[in-house]
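One structure is given below, encoded as C-alpha cells.
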Amino acid sequence: RGNKKKAEKVVLVSASISAMTTISIALASQFKNLTPLFQSIAIILSASLTILVAWDGFYNHKRLWLLQAETVNRLKEINTDIRHLEATGSIKQSTIDQLYIRYKEAFGDFNNQWKELRIDDGSQTNNKKA
C-alpha cells in the first residue's frame with residue numbers, strides 16, 4: 001500500500017507542479033511588472049519537478065507496488081489452497097512440499113525482480129555518465 005500511495009502522490013504532485021509552472025509562465029506574460037518574480041517561480045517549480053521525477057525514477061514506486069501486489073496475490077492463492085486442503089481433511093506430505101515450493105518461489109521471484117529493478121536503475125545511471 002505504501003508504494004501504491006507513493007506512486008499516486010508522484011503522479012498528482014508532478015501534474016500539479018507542471019500546471020503551476022505553466023500558470024507562472026502565463027502570469028509572467030500578463031503582469032509585465034512581475035515578470036521576474038513569475039519567471040523565478042516557474043524555474044523553481046520546474047527544478048522541483050525534475051528532482052521529483054528523478055527520485056521516482058530511482059525508487060520506481062509503481063513497479064514496486066505491482067511486484068508486491070503480484071506476490072501478495074500468489075500468497076493468497078497458496079493460502080486458499082491450504083484452506084481447501086484443510087477442509088477436505090486429506091493433506092499428503094507431497095502436497096505440503098509442493099505448497100512450500102510455491103511459497104518459496106513467490107518470494108524468490110519477488111526478490112529477483114526487485115534486484116533486477118535495482119540493477120537496471122544502476123546500469124541506466126552508469127550509461128548516462130558514460
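The values are calculated or read from the model by the stated rules, or taken from the named source; none is laboratory data. No experiment lies behind these values; they were computed from the predicted model shown. Reconstructed Cβ throughout: ideal geometry from the backbone, glycine too, with neighbour counts over all protein chains shown. Only protein heavy atoms, including side chains, enter the accessible area calculation; ligands, DNA and RNA are left aside. Shrake-Rupley method; radii C 1.70, N 1.55, O 1.52, S 1.80 Å.
Points to keep in mind about this one:
- Of the residues His84, His61, ranked by 1.4 Å probe accessible area with the largest first, the sequence reads His84, His61.
- Accessible area, probe 1.4 Å, largest first, for residues Thr21, Thr88: Thr88, Thr21
- Which label in (1) 50, 18, 6; (2) 20, 19, 12; (3) 22, 18, 13 gives the computed semi-axes √(5λ) of the Cα gyration tensor in Å: (1)
- Accessible surface of the chain, 1.4 Å probe: 61 percent of it comes from carbon and sulfur atoms.
- Calculated accessible area for the chain comes out at 74 Å² per residue, all protein chains present (probe 1.4 Å; ligands, DNA, RNA ignored).
- Between Ile43 and Tyr59, the contour length at 0.36 nm per residue exceeds the Cα-Cα span by 3.3 nm.
- Taking 12 Å as the cut-off, the amide N atoms of the range 58-90 that come nearer than this to a point 7 Å along the Cα-to-beta-carbon line of Trp114 belong to 64-65, 67-69, 71-72.
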